[in-house]
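The next block holds one structure in the form of structure tokens; read it before the comments.
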Amino acid sequence: MTSPLFDITGKLALVTGSSRGLGLALATGLAQAGAKVVLHGRDPQALTAASEAVGRAGSGEPAPTVRFDVTDARAVAENLAVLVTEHGVPDILVNNAGIQRRAPFNDFDAEDWDAVIAGNLSSAFYVSRQITPGMAERGSGKVINIGSVMSQLARQTIAPYGASKGGVLMLTKGMAADLARYNIQVNAISPGYFKTEMNTALVQDAEFSGWVSARTPAQRWGLPEELVGTLIFLASDASAYVSGQNIFVDGGMTAIV
Ligand code: GCO
């Protein structure tokens with residue numbers, strides 16, 4: 001018997017970057033919990049497949065989709081205005097969209113930096129800024145920003161990514177500071193190492209995969225569906241007095257040296 005505190009039946013959710021990877025797993029979990037999930041992506045084929053898969057996981061009907069570049073503030077504003085007109089103001093916003101670029105620091109150029117900051121940090125600002133005023137007007141809302149163990153840790157070749165994910169945690173706290181008074185809770189989930197497309201090269205690298213298992217107390221990569229429980233907590237009334245917080249879902253990685 002699930003406590004009604006965790007009930008998100010009928011809630012409207014928007015998950016950015018949900019045509020594949022962690023975003024698709026998060027969207028599927030919300031649909032399985034009874035939410036009406038709007039999917040977002042840029043690849044029309046991936047989005048169509050995701051719409052059908054999430055539909056099967058939830059209501060049976062293909063999930064609604066929106067397609068725009070989260071790094072283009074105007075496109076975000078225009079497309080989310082249409083979403084709100086068609087579906088209403090989301091109850092749950094998951095800022096998941098993000099990219100990864102890996103290179104030694106001295107090999108990054110301004111374009112790489114700008115792309116990673118825009119894709120991982122500015123995108124969360126652009127999308128939230130279009131949705132939270134409507135949440136404030138309604139007097140309720142849940143924003144979950146997706147951080148990373150790299151919000152707190154660093155490793156070679158991903159300095160821009162870590163900077164962007166560190167910014168996501170401080171954006172989370174800043175949004176919580178301004179929005180909690182409107183009964184909008186803003187929190188973050190920070191995944192550890194998960195087997196997703198973004199990490200395919202790492203999973204296939206036996207040495208790196210061995211390092212992940214040795215560095216993680218759970219001694220394994222995470223499975224995308226293992227993020228869903230934390231998401232439902234932060235997306236439901238169970239977290240009504242939780243704001244500005246970050247939860248690492250990382251098999252214990254950030255708890256140890
Ligand atoms: C990397 C990985 C990591 C993790 C992600 C977990 O290159 O080390 O992409 O960044 O997958 O950050 O949250």
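Using a 1.4 Å probe over the heavy atoms of the protein chains, calculate the carbon and sulfur portion of the accessible area of the chain as a whole percent.
C and S fraction of accessible area: 53 percent.
Mind checking the per residue accessible area of the chain for me, 1.4 Å probe, whole number of Å²?
Each residue of the chain exposes 47 Å² on average to a 1.4 Å probe.
Measure nothing fancy, just the Cα-based angle from helix 73-87's long axis to the longest principal axis of the chain, in degrees from 0 to 90, nearest 10.
40
How big is the chain by Rg and Dmax over its Cα atoms, in Å?
Values for the chain (Cα only, Rg and Dmax): 17.4, 54 Å.
Send over the per residue convex hull volume for the stretch 102-182, Cα only, as a whole number of Å³.
Here the figure is 77 Å³ per residue.
Hey, what number do you get for the chain at 222 nm if only DSSP H runs of n ≥ 4 count, each worth -39500 (n - 2.57), divided across all residues, to the nearest 500?
Details: 9 runs with 108 residues, N = 257.
Helices in the chain give a 222 nm mean residue ellipticity of -13000 deg cm²/dmol.
Calculate how steeply helix 21-32 sits against the longest principal axis of the alpha-carbon atoms of the chain, using the helix alpha-carbon long axis, and give the answer as 0 to 90 degrees to the nearest 10.
30
I need the Kirkwood Rh of the stretch 13-95: take the reciprocal of the average 1/r across all distinct C-alpha pairs and report it in angstrom.
12.3
Report the per residue volume, in Å³, of the convex hull enclosing the C-alpha atoms of the stretch 161-249.
That works out to 104 Å³ per residue.
The values are calculated or read from the model by the stated rules, or taken from the named source; none is laboratory data. Since we're looking at a predicted model, the values are computed, not measured. All accessible areas refer to the heavy atoms of the entire protein, side chains included, with ligands and DNA or RNA removed. Shrake-Rupley method; radii C 1.70, N 1.55, O 1.52, S 1.80 Å.
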